[in-house]
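Reviewing the structure listed below.
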Amino acid sequence: MPIITTHNLSKVYNPDTVPVHALRDVNLEFEEGEFTTVRGPSGSGKTTLLNMIGGLDIPTEGHVEIAGTRITGMKESKLIEFRLNNIGFVFQAYNLIPVFTAYENVTFIMLLQKRSKQEMKERAHELLSAMGLKDKLDSRPKELSGGEQQRVAVARALASRPKFILADEPTANLDTDSAMNLLDMMEKMNREENVTFIFSTHDQRVIDRARRVITMVDGAIDKDERKSPPS
Amino acid sequence: MYLKLAWRNLWRNKRRTLITVSSIMFAVVAALFVESLGEGTRQQLLDNMTGFQTGYMQIQDYRYEDEPSLDNAFLFDDSLEQKIQTDHQDVDFLIPRIETFMLAAGEEITRGAMVMGIDIEKEHQFNEIRDRLKIGEFGESGEQKAVLGEGLANRLNLAVGDTLALLGQGRFGMMSSGLFEVSGLIDFPIRELDNQIIYLSLEDAQWLLSAEERVTNLVVVPENPRNLNPLSQSLSETVKNDELRVLTWEEMMPELIEAIEFDELSGRVMLWILYVVIGFGIFGTILTMTLERKREFGILLSVGMYRTKLALVVFIETLFISILGVLSGFGLGSLILLYFHFTPIQFTGDMADLMHDFGFEATMEITFSPEIYMLQGSAILVITLLICLYPSLKIAGMDILESKK
């Protein structure tokens, strides 16, 4: 069973004035363990698609199902809880709570899930170590480089044990080394822990690493290509 | 962790937090000062008026208020005193007074004066009148000595050691006249009385006015001056068969109540203006903070934080700021109030004259009252918390996508 399904997803902004069709009849399925990139020029609908899948935006038509649960039309309080327990987010920048350390940023999401202290501690250590940030546990975001901050954001997204992670242009503000390093980490989590990643990007470095590349043009799916797994 | 988040958020922009805390602190100081000064001035006025004029409560002949004449003086002997003291444990002691208006003359000048016969020991126990003597002393019974208000002495051109002549009407139309040695001058806190008061010993005054053992007023000093009405009612029951009645200071000086109420109202208006100014100041800071952190709020809502919890964190932040501001305001305010409590503000020159003309002393005293601290601290706290509704409402209606842009 696909982990995510979008059914005839459409989004029109300003329908009464100057209608902007951000999404047009998008039908997609994502399987568990995918490492997928949604690519396309600015305004092609990549971010809107991710927002719909993440339950941050409401479609004008169609709906989204996650692991069999229809999230479109869900009550906000239910949706928040659903997001918290099922979806991990990594944004382009300013992801982290600036007054918390890397460790606290990761544990905070688990606190929202009311996990036990011991579990929070173990999971945060495990994830930050996996992200190569073992010696940065007590550093605040401003003491970390852009790449390190994004790795903390990935660790935070993973901390809640989500079904998949949505990453909206995660490498946009990173230099090549940091971007490659971040991608290495995410690829490792995907490979070793079967974590599903869906990126929106126009960064070729990300596109090259993805095993599935969805190309969007003017809010519609133009291409949906799958690469064969590396041998 | 929410507390930790709120506390650390306070210090992410130290300057802004310190400015907000300072503005709340100064607001509390200003509110404390205005209210303590107002309360102090009103209390001082009340103390002077009750201490030197009416007392908290008086027993009078039932006709005396309408016709304040010596003919309506009443017999005050041991039996009446004993009856009151026995029946009313909440009466501390009684102060007999006899008062009337007479002509007072020095060597060349004559003026109308208010002559008051007092029991100096009891009077001093009540209002520390001896401490107000600028020069000289009160005489004993039978010594035929008089203490004058300094204003009256100046008008009559009299000094200590001079002779004062008193002429007037005694009880039941008897002619009253006598010569008294000026034994002291008193600095009377109420200007109007300072210009007309003459103190004699009670017995000397009763002899002068042909009113032996009679008094016009019996000042009742209660154990608890704040609880006058029950005592007034029970005392009325005790003395009503003697054709006497009991009056509280509120009944005797309704104009003083009006003056106090007006003063309180002016103080309240000033405080409200202060609150509005402070409120806008704090609102400005909270507004900036909310707009600055819009994106951060959006991210937190996206990753699964409930709006209520986020609003709670912001509320706790504002609460921390408010508490810090109010407590530091209490600290600084107490220092300032303490200073002015021990060094009251003294007015001189025209300002002093103006205050005397309005019946005030030219000194402004500060009252220390936990109630003022509670009231002002709570008022500022409530204002701050009301202002905090803004970010909470903003968070409640926040569009996650808009906020992340």
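Please specify each residue of the range B:362-393 satisfying the condition of being surrounded by fewer than 19 Cβ atoms within 10 Å (Cβ to Cβ) and hydrophobic (A, V, I, L, M, F, W, C).
Within the range B:362-393, B:A362, B:M364, B:F368, B:M374, B:L375, B:L381, B:V382, B:L385, B:L386, B:L389, B:L393 qualify.
Can you give me the ranges of the strands (runs of 3 or more DSSP E) entirely in the range B:174-278 with at least 2 residues that are within 21 Å of B:E128 (Cα to Cα) and not hydrophobic (A, V, I, L, M, F, W, C)?
Result: B:175-186, B:197-201, B:217-222.
Looking at B:L291, B:L312, B:L300, can you tell me which residue is without any contact (Cβ under 8 Å) to a residue 40 or more places away in the chain, part of a helix (DSSP H, G or I) and within 14 Å of chain A (Cβ to nearest Cβ)?
Testing whether each residue is without any contact (Cβ under 8 Å) to a residue 40 or more places away in the chain, part of a helix (DSSP H, G or I) and within 14 Å of chain A (Cβ to nearest Cβ) leaves just B:L300.
Only one residue in B:S392, B:S322 is away from chain A (no Cβ under 14 Å), in a helix (DSSP H, G or I) and farther than 30 Å from A:L84 by Cα, so which one is that?
Result: B:S322 is the single residue among B:S392, B:S322 that is away from chain A (no Cβ under 14 Å), in a helix (DSSP H, G or I) and farther than 30 Å from A:L84 by Cα.
Conditions tested, residue by residue: (1) aliphatic (A, V, I, L, M); (2) part of a loop (DSSP other than H, G, I, E, B); (3) buried (at least 22 other Cβ atoms within 10 Å of the Cβ); (4) touching a strand residue (DSSP E or B) at 6+ places or on another chain (Cβ under 9 Å).
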{"site": "A:H7", "(1), (2), (3), (4)": "no, no, no, yes"}
{"site": "A:K11", "(1), (2), (3), (4)": "no, no, yes, yes"}
{"site": "A:P15", "(1), (2), (3), (4)": "no, yes, no, no"}
{"site": "A:V18", "(1), (2), (3), (4)": "yes, yes, no, no"}
{"site": "A:L28", "(1), (2), (3), (4)": "yes, no, no, yes"}
{"site": "A:T37", "(1), (2), (3), (4)": "no, no, yes, yes"}
{"site": "A:G62", "(1), (2), (3), (4)": "no, no, no, yes"}
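Determine which member of the set B:I84, B:I118 is closer than 24 Å to B:P225 by Cβ, at pLDDT below 90 and touching a helix residue (DSSP H, G or I) at 6+ places or on another chain (Cβ under 8 Å).
Checking each option against the conditions leaves just B:I84.
For the range B:9-52, name all the residues that are surrounded by fewer than 21 Cβ atoms within 10 Å (Cβ to Cβ), closer than 30 Å to B:F93 by Cα and of a type outside the set (A, V, I, L, M, F, W, C).
B:E39, B:R42, B:Q43, B:Q44, B:D47, B:N48, B:G51
Does the range A:135-148 hold any residues that are touching a residue at least 12 places away in the same chain (Cβ under 8 Å) and either assigned to a helix (DSSP H, G or I) or within 11 Å of chain B (Cβ to nearest Cβ) (or both), and which are they?
Passing the criteria: A:K136, A:R140, A:P141, A:K142, A:G146, A:G147, A:E148.
Given the conditions (1) more than 30 Å from B:F330 (Cα to Cα); (2) out of contact with any helix residue (DSSP H, G or I) (no Cβ under 7 Å at 6 or more places or on another chain); (3) not charged (D, E, K, R), report the number of the one that B:S22 does not fulfil.
Condition not satisfied by B:S22: (1).
Can you list the helices (runs of 4 or more DSSP H) lying wholly within the range A:68-134 that have 1 or more residues being among the β-branched types (V, I, T), over 30 Å from B:K14 (Cα atoms) and at the interface with chain B (Cβ under 10 Å from one of its Cβ atoms)?
Correct list: A:76-86.
Suppose we filter the range B:89-112 for residues that are outside any strand (DSSP E or B) and surrounded by fewer than 18 Cβ atoms within 10 Å (Cβ to Cβ); how many remain?
5
The values are calculated or read from the model by the stated rules, or taken from the named source; none is laboratory data. Computed from a predicted model, the values in this text were never measured in an experiment. So basically every Cβ, Gly included, is an ideal-geometry build from the backbone, and we count neighbours across all protein chains shown.
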